[in-house]
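The values are calculated or read from the model by the stated rules, or taken from the named source; none is laboratory data. Everything quoted here is computed from the prediction, not taken from an experiment. Note: ideal-geometry Cβ built from the backbone for every residue, glycine included; neighbour counts use all protein chains shown.
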Amino acid sequence: MIVRDCQAIDCWQDGFHLDGSWIGHRQRAVDVLFERCRAVACGQRSGTVPAELYQSGFYVQSARLVDCRAERCRKSGFLAKNHELRTLVLERCRDLGSAYSFVIEYGGVDAVLRGCVSDGATRRALQVTASGASIDLEIRRFAGAGRPVLAGILDDLDDLAAREGYTKIFAKVPASARDPFLDRGYVVEARVPRLFRGQEDGYFVSLFRDPARALDDRPFAATLAAARKASANECVRLLPPGAICSPASSADAPALAALYRDVFATYPFPIHREAYIRETMEHGVRYFCIRVGDVIAAVSSAEMDPGEEHVEMTDFATRPDYRGHGLAGHLLRRMETAMRSAGMKTAYTIARATSFPMSITFSRAGYAHGGTLLNNTGICGGLESMHVWYRPLQDS
């Protein structure tokens, strides 16, 4: 595939996004060449939800870019994932005034930047996680406050934690990226087999910058024992009379936000705001609810990562007067059906370790316990440890 002499100006997301032909969300196009293409002000109008954070002039995996130019893009001038080895080459490419000029994520093995220029980057001229990469980059008029070059994400995480006073750094990484974290003092708190694209194991790794953060003497063993006992006595309850389990729509956002406000004193994300719920709906998060007449009795969401083919089953909440009817289990089964149809290969959740109902719900549904994240999440008015539960959604 060859793209020459094209321009992309003021695009909502990316200017050029190599996302047309995929098998399992991996690039199928080969011998890709972008030549003399230009991307200007891409991603400036889009939102801040994670699904929207490409916001780059060029987003590619395996390609050769020659004499291409990016200007004033919200995130990166050139953003490369480089899943395939030795397939990324940028020659005489130039970025002017984007936040990050050149970002190479994931593998980046043997990537090549030759004769490239970063001019006026406002956050970073080059950010790369790679081995064997060949980098020939001229940096001009760097306008950021930090370091112009960051060779790896670990330094960036350290800088962020020190600046904000965080006492724990937590990351979800594929097995191929685990060891550099362990070498820097991170520990594995949980593992999910075949989390990434149904092939590569995923690890939840943490760095405790305050030793006290790694201590929690609450009785997690009792929660797990109850969950395992319940899984041996699986039972499916009927929905209450008149109840319907179905996807939610943006029109339901006010009711969902109100329910979340009633259930959670605090939450890691602003789900108590209907504007936030609408925005996440617009960018790929799918909400499901159980209605009894005009009342939404329970809600949950499925947060997909289409590129990695996994989904987090999360944001469960039930009105107090409808608890004890197994509504979370109905929502979970409904979401699993939808996620299988969407091509997701692995489902997981991060649930409060002291919550008997949620641990029992996932254990009964066939989820395995992957580990416990100590003092990990601000929820329900405090800092709580979280169990990781997972299960494959597709046949091996």
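Assess whether ALA338 counts as being in a helix (DSSP H, G or I), assigned by TED's automatic domain parsing to the domain that holds THR223, of a type in the set (A, V, I, L, M) and at pLDDT 90 or above. Criteria met by ALA338. So, ALA222, is that one outside the structural domain of SER101 (by TED's automatic domain parsing), within 30 Å of ILE296 (Cβ to Cβ) and hydrophobic (A, V, I, L, M, F, W, C) or not? No, not satisfied. Taken together, ALA161, ALA212, ALA143 contain a single residue that is surrounded by fewer than 15 Cβ atoms within 10 Å (Cβ to Cβ), in a helix (DSSP H, G or I) and out of contact with any helix residue (DSSP H, G or I) (no Cβ under 8 Å at 6 or more places or on another chain), which is ALA212. When ARG323, ARG273 are checked against the criterion of being closer than 24 Å to SER385 by Cα, free of Cβ contacts under 8 Å to residues at least 40 places away in the same chain and surrounded by fewer than 18 Cβ atoms within 10 Å (Cβ to Cβ), ARG323 stands alone in meeting it. When LEU154 is tested against (1) more than 25 Å from HIS310 (Cβ to Cβ); (2) touching a Lys or Arg at 6+ places or on another chain (Cβ under 7 Å); (3) without any contact (Cβ under 8 Å) to a residue 40 or more places away in the chain, just one condition goes unmet, and that condition is (1).
Give the stretch 256-266 a look and list any residue that's buried (at least 18 other Cβ atoms within 10 Å of the Cβ) and closer than 14 Å to GLY381 by Cα, or say none. Passing the criteria: TYR260, VAL263.
For (1) touching a Pro at 6+ places or on another chain (Cβ under 9 Å); (2) in a helix (DSSP H, G or I); (3) not aromatic (Phe, Trp, Tyr), each residue gets a yes or a no:
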position	(1), (2), (3)
ALA255	no, yes, yes
TYR276	yes, yes, no
PHE288	yes, no, no
SER301	no, no, yes
GLU308	yes, no, yes
VAL311	no, no, yes
ASP315	no, no, yes
ASP321	no, yes, yes
ALA328	yes, yes, yes
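Suppose we keep only residues that are touching a helix residue (DSSP H, G or I) at 6+ places or on another chain (Cβ under 6 Å) and closer than 26 Å to MET304 by Cα within the stretch 171-209. Which one would you say is surrounded by the most Cβ atoms within 10 Å (Cβ to Cβ)? Only one residue fits best here, namely TYR203.
Condition test on TYR322, is it in the same structural domain as VAL388 (by TED's automatic domain parsing) and within 27 Å of THR346 (Cβ to Cβ)? It is false that TYR322 is in the same structural domain as VAL388 (by TED's automatic domain parsing) and within 27 Å of THR346 (Cβ to Cβ). HIS369 versus (1) part of a strand (DSSP E or B); (2) over 19 Å from the mean Cα position of the chain (by Cα); (3) closer than 26 Å to VAL292 by Cα: which is the lone unmet condition? Every condition holds for HIS369 apart from (3). Taking the criterion of being of a type in the set (Gly, Ala, Ser), in a strand (DSSP E or B) and more than 24 Å from LEU393 (Cβ to Cβ), the only residue of the stretch 290-299 that qualifies is ALA297.
Inside the stretch 298-313, residues that are surrounded by fewer than 23 Cβ atoms within 10 Å (Cβ to Cβ) and closer than 17 Å to ARG261 by Cβ make up a count of 0. Scanning the stretch 109-140 for residues that are polar (S, T, N, Q), surrounded by 14 or more Cβ atoms within 10 Å (Cβ to Cβ) and assigned to a strand (DSSP E or B) yields SER118, GLN127.
Taken as a whole, the structure leaves ALA230 outside the set of residues that are of a type outside the set (D, E, K, R), within 30 Å of GLU164 (Cα to Cα) and either modelled with pLDDT under 95 or part of a helix (DSSP H, G or I) (or both).
A quick yes/no check of all residues on (1) within 22 Å of ASP217 (Cβ to Cβ); (2) not hydroxyl-bearing (Ser, Thr, Tyr):
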residue: ALA353; (1), (2): yes, yes
residue: THR361; (1), (2): no, no
residue: THR372; (1), (2): yes, no
residue: ASN376; (1), (2): yes, yes
residue: LEU383; (1), (2): yes, yes
residue: HIS387; (1), (2): yes, yes
residue: TYR390; (1), (2): no, no
residue: LEU393; (1), (2): no, yes
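Here LEU113, LEU182 are screened, and the one residue that is in contact (Cβ under 8 Å) with a residue 12 or more places away in the chain and in the same structural domain as ARG92 (by TED's automatic domain parsing) is LEU113. Restricting attention to the stretch 24-83, the residues that are modelled with pLDDT under 90, among the β-branched types (Val, Ile, Thr) and either assigned to a strand (DSSP E or B) or at positive phi (or both) total 1.
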